[in-house]
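Here's the structure we're looking at; comments come further down.
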Amino acid sequence: KNLELGNISFVRDDVFKIPLRPAQAVILNDFLHHLPSWDDQRRLLARACAALKPGGKLIVVDIARRPFYKFALAWLVDHTIYMGVRICYLRHERFVKFLELNGIGDVSMRPIDAGRPYSNVIYTGFKR
């Protein structure tokens, strides 16, 4: 269905090749762990943070390491479906510190795994 939202665009491409224009919000939904290294994650996050306008919102949904049984299921599924591909799950403390060093304030994390099989969380923060 075409919602006719002129200020929203969805792009399917290599995340490092997509030109990022100044934005009021950036959403990274459940794929950061599919980047093969923390260096690649930082490179993308730095671009996303830089694209945000002051007061803009960053939203990141990804896999957390707790609760462990849900993380283990996510790990098993990822390593079965993407066999042989490196998966790099976020580490909460360094992730939040990186966001703060890149101008994102009021960072919060909330589990969204209730009723779901995986250990999903949502991070939100605002560009200072």
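The values are calculated or read from the model by the stated rules, or taken from the named source; none is laboratory data. Predicted, not measured: the structure shown is a model, and the values here were computed from it. Positions of Cβ are generated from backbone atoms using ideal geometry, with glycine treated the same way; all protein chains shown enter the neighbour counts. Side chains included, ligands, DNA and RNA excluded: accessible areas come from the protein's heavy atoms. Shrake-Rupley method; radii C 1.70, N 1.55, O 1.52, S 1.80 Å.
The modelled label-to-label distance for the pair Leu101/Arg43, using points 7 Å beyond Cα in the direction of Cβ, is 1.7 nm.
For Lys127, the aspartates and glutamates whose Cα comes closer than 17 Å to its Cα, not counting residues fewer than 8 places off in the same chain, are Glu100, Asp106.
Rounded to the nearest whole Å², what accessible area per residue is found for the chain with the 1.4 Å probe? Don't skip to the answer; put the middle values down first.
Values: 8400 Å² over 128 residues.
Heavy-atom accessible area per residue stands at 66 Å².
Cα extents for the range 69-128 along the principal axes, largest to smallest and rounded to whole angstrom: 40, 28, 15.
Derived value for the range 13-74: Kirkwood hydrodynamic radius 12.9 Å. Basis is the mean of 1/r over every pair of different alpha-carbon atoms. Its residue count N sets the reference 2.2 N^0.38 Å, and the alpha-carbon radius of gyration of the chain equals 1.09 times that reference. Over the range 68-128, with every protein chain in place, what whole percent of the accessible area is carbon and sulfur at 1.4 Å, could you tell me? Exposed carbon and sulfur together represent 61 percent of the surface. Computed about its Cα centre, the charge dipole of the chain is approximately 240 debye, with only Lys, Arg, Asp and Glu carrying charge at their Cβ. Here the gap between Ala72 and Cys88, fully extended at 0.36 nm per residue and compared with their Cα-Cα distance, gives a gain of 4.4 nm.
Taken along the Cα-to-beta-carbon direction at a fixed 7 Å, the label points for Leu5 and Ile27 span 0.5 nm.
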